[in-house]
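Participant: Below is a structure I'd like to ask you about.
Readers should treat all values here as calculations from the given coordinates under stated rules, not as data from a laboratory. The structure displayed is predicted, hence computed values, not measured ones. Glycine gets a Cβ as well: all are built from the backbone with ideal geometry, and neighbour counts include every protein chain shown.
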Amino acid sequence: MHNALGIHEILFDIFNHVCAITAADGSTKKPNLNPSLVALARTCRAFQEPALDALWLQLDDLTPLLRCLPEDVWVLSAVEEASQDRTEVFGIRRPLNESEWGILQGYTRRIRVVTSINSRTGQLEETAVKALCYPPVASPLFPGLRQIK
């Protein structure tokens, strides 16, 4: 492997350009979940950190983050609305322990932009929002956050 590919910043820029979608107006957008970035993160140790940084750079809703937690922590239920549409509601079953907070912080430190709290297909229960508001350690949930849209 070329020495340049050992530099985190260079790989991060490459991964961001490769995985960005260019619109007709010239603007670029990153998809929510890019299979190429997931594959790059699993390819080798040198690619893992920059690929995860690129994958988690922008978070369009909080459900992918909460789905990283063990399945016994969260619950997904469907709710019928008046318009006959089904909406998924994402909730938290119990308070998070320190190791689960460690899982979240492993990803939240990479997030720079949050565009929405609720997903396009569902909502967060109050339990999920409250669970994120009370970490067991005194550190910010999104330490690298630069923008909320």
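Participant: Can you give the FRET efficiency for residue 134 and residue 76, using 1/(1 + (r/R0)^6), R0 = 25 Å, r = Cβ-Cβ distance, to the nearest 0.05? Write down the numbers at each step before the final one.
Facilitator: Details: r = 22 Å, r/R0 = 0.87.
In this case the efficiency is close to 0.70.
Participant: To continue, here is another question. Compute the distance in nm between two label points, each set 7 Å from the Cα along the Cα-to-Cβ direction, one at residue 113 and one at residue 9.
Facilitator: 2.1
Participant: Looking at the square roots a ≥ b ≥ c of the eigenvalues of the Cα gyration tensor of the stretch 58-149, which shape do they give, rounded for a/c under 1.5, prolate if a/b is larger than b/c, or oblate?
Facilitator: Details: a/c = 2.40, a/b = 1.40, b/c = 1.71.
In terms of gyration-tensor shape, oblate.
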